[in-house]
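Below is one structure, written out as structure tokens; the observations come after it.
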Amino acid sequence: MQGSHHQAMQSHHDVIIVGGGMVGAALAARLGNAGRSVGLVEQGDAPELPEGDYDLRVSSLNARSLAFINASGTQLPDERCCPFRHIDVFNQDGSGHSLFSAADSGMDDFGIFIENRTLQYALWQRLAELPGATCYTQCAPISTLASGDARLLELDNGQTLSAPLIVGADGARSTLRELANIGVTQHDYHQRALIVNVETELPQQDVSWQCFTPNGPMAMLPLPGQRASLVWYDNDDDTKAREQLNDEALKSTIEDAFPKRLGKLTRIVARASFPIKRQHAKRYIGKRLALIGDAAHVVHPLAGQGLNIGLHDADTLAELIIHGRDPGDHINLHRFEVQRRLANQAMIAATDSFHHLFTGAKPLRQLGDLSLHIAEHIPLAKRMMMQQANGLNPFKKR
Ligand SMILES: Cc1cc2nc3c(=O)[nH]c(=O)nc-3n(C[C@H](O)[C@H](O)[C@H](O)COP(=O)(O)OP(=O)(O)OC[C@H]3O[C@@H](n4cnc5c(N)ncnc54)[C@H](O)[C@@H]3O)c2cc1C
């Protein structure tokens with residue numbers, strides 16, 4: 001599948017996808033499983049078998065995302081998936097506690113937590129089994145041109161591919177978006193997220209919790225066994241300083257700052273920090289071209305929905321392609337754009353208001369009792385998180 005021996009054999013596909021991350025690989029697997037010929041262009045290597053310690057990048061997958069992955073025939077390894085059945089949100093001083101359970105919505109669980117690389121690897125394994133899927137690794141697009149019923153994609157390895165539709169799933173700094181001259185709107189939250197993978201004395205079971213503090217939320221995402229992924233939002237300077245601490249110092253800083261229910265840490269496995277930004281492409285489509293996933297939108301990771309909405313883009317686009325005649329048909333692409341922009345805009349607005357309500361943005365700090373303010377808004381947070389976890393539009397009246 002991967003590698004150059006296939007590259008010369010087929011340069012025309014039904015759909016070409018640029019970017020073999022989780023969203024691009026999922027769309028390729030779904031279309032390949034529906035019998036379509038797909039070309040997946042990835043600048044890196046094919047992902048390697050995840051072994052040993054859990055990776056830092058962990059995401060939640062909700063029911064719609066899991067159904068979509070399932071529809072591609074991809075098997076996720078049970079032993080590296082952690083289903084979660086409860087979400088607990090509370091204020092640092094213990095007020096405004098609110099636990100909500102999947103059972104309240106008649107579901108077994110809200111979804112699973114999985115390492116990004118485990119999901120990506122499983123999808124690429126599936127692609128290897130699909131006769132219609134061709135992966136072009138270690139190459140990237142340098143130009144693209146719509147011509148008649150197809151769009152051409154020139155790669156930096158000298159090869160040219162063509163398809164009636166080319167999809168950009170090449171992440172926040174999408175080259176395809178740039179080549180198509182699609183601009184973005186951006187916002188910097190002036191916050192960083194410190195992600196720390198830990199081993200704990202206590203088993204973390206099936207609850208994911210989020211504790212609001214005036215500086216930003218702290219969250220615990222459970223991983224199988226006595227492991228967890230911690231997310232600590234704060235300003236740039238404090239976050240960078242914590243990131244530099246040695247393991248012992250970081251361990252005690254976390255034990256002091258995080259809610260006591262986390263218990264003692266037995267090991268710091270890995271840490272990294274990320275700036276928090278929001279970005280939205282001005283258009284999702286062009287002539288025989290569409291953008292999905294982070295190439296189209298980057299949302300605040302606070303509600304853990306960035307990957308989910310990317311997979312929902314892929315799901316919507318896949319259905320239109322599978323049930324249509326021409327994958328790049330403009331009316332279909334327009335439908336895709338209308339549906340997904342509305343849903344993603346709602347998610348951006350929801351995570352934005354979350355951020356402003358719960359991270360002590362300046363006007364709120366002047367309120368004096370931020371704790372009380374936060375506690376009062378926890379029922380709203382509960383509603384928003386529950387609807388997001390269910391894959392629903394948090395702003396839709398029903
Ligand atoms: C701190 C943090 C925590 C997060 N937590 C969550 C969470 O809990 N739940 C959730 O749903 N989301 C979460 N997200 C968001 C999530 O990680 C992203 O939304 C997701 O990775 C987007 O997937 P993607 O496939 O669109 O892009 P990416 O993961 O960025 O993949 C892009 C792929 O394209 C390839 N590529 C890039 N440029 C080119 C090129 N020119 N040519 C060819 N290939 C190229 C890259 O190598 C890569 O493989 C989080 C994000 C951050 C920063």
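Just to be sure before I move on: is ALA172 crowded, with 22+ Cβ neighbours inside 10 Å and not polar (S, T, N, Q) in the structure I sent? Spelling it out, it is not the case that ALA172 is crowded, with 22+ Cβ neighbours inside 10 Å and not polar (S, T, N, Q). When restricted to residues that are more than 9 Å from the ligand (Cβ to nearest atom) and farther than 17 Å from ARG340 by Cα, region 265-287 contains 8. Which ones in region 298-308 are more than 6 Å from the ligand (Cβ to nearest atom) and either closer than 19 Å to GLY20 by Cβ or in contact (Cβ under 8 Å) with a residue 60 or more places away in the chain (or both)? VAL298, HIS300, LEU302, ALA303 - these are the residues of region 298-308 that are more than 6 Å from the ligand (Cβ to nearest atom) and either closer than 19 Å to GLY20 by Cβ or in contact (Cβ under 8 Å) with a residue 60 or more places away in the chain (or both). Under 19 Å from VAL41 (Cβ atoms), surrounded by 16 or more Cβ atoms within 10 Å (Cβ to Cβ) and in contact (Cβ under 8 Å) with a residue 40 or more places away in the chain: is that true of GLY111 in this structure? Considered against the rule, which asks whether it is under 19 Å from VAL41 (Cβ atoms), surrounded by 16 or more Cβ atoms within 10 Å (Cβ to Cβ) and in contact (Cβ under 8 Å) with a residue 40 or more places away in the chain, GLY111 comes out as no.
Meeting the requirement of 3 or more residues that are surrounded by fewer than 24 Cβ atoms within 10 Å (Cβ to Cβ) and polar (S, T, N, Q), the helices (runs of 4 or more DSSP H) wholly within region 282-365 are 330-358. For first residues located in region 241-270 and farther than 15 Å from GLU199 by Cα and part of a helix (DSSP H, G or I), partners that are modelled with pLDDT of 95 or more and of a type in the set (Phe, Trp, Tyr) and lie 6+ apart or on another chain with Cβ distances below 6 Å do not occur.
Taking into account only those residues within region 44-54 that are within 13 Å of the ligand (Cβ to nearest atom) and buried (at least 18 other Cβ atoms within 10 Å of the Cβ), which is nearest to the chain's Cα centre (by Cα)? In this case the residue turns out to be PRO47. For the structure I just gave you, tell me whether ASP104 is of a type in the set (Asp, Glu) and either at pLDDT 85 or above or within 14 Å of the ligand (Cβ to nearest atom) (or both). No, not satisfied. Considering only residues that are among the charged types (D, E, K, R) and either crowded, with 19+ Cβ neighbours inside 10 Å or under 21 Å from the mean Cα position of the chain (by Cα) (or both), which ones fall in region 179-203? Once the filter is applied, which keeps residues that are among the charged types (D, E, K, R) and either crowded, with 19+ Cβ neighbours inside 10 Å or under 21 Å from the mean Cα position of the chain (by Cα) (or both), region 179-203 yields ASP188, ARG192.
Under the condition of being under 18 Å from ARG36 (Cα atoms), within 12 Å of the ligand (Cβ to nearest atom) and out of contact with any Pro (no Cβ under 6 Å at 6 or more places or on another chain), the residues counted in region 120-160 number 3.
Scanning region 69-88 for residues that are farther than 25 Å from GLU51 by Cα and either surrounded by 21 or more Cβ atoms within 10 Å (Cβ to Cβ) or of a type in the set (Ser, Thr, Tyr) (or both) yields one hit, ILE87.
The values are calculated or read from the model by the stated rules, or taken from the named source; none is laboratory data. Source: prediction; values computed, not measured. Cβ atoms come from the backbone with ideal geometry, glycine included; neighbour counts cover every protein chain shown.
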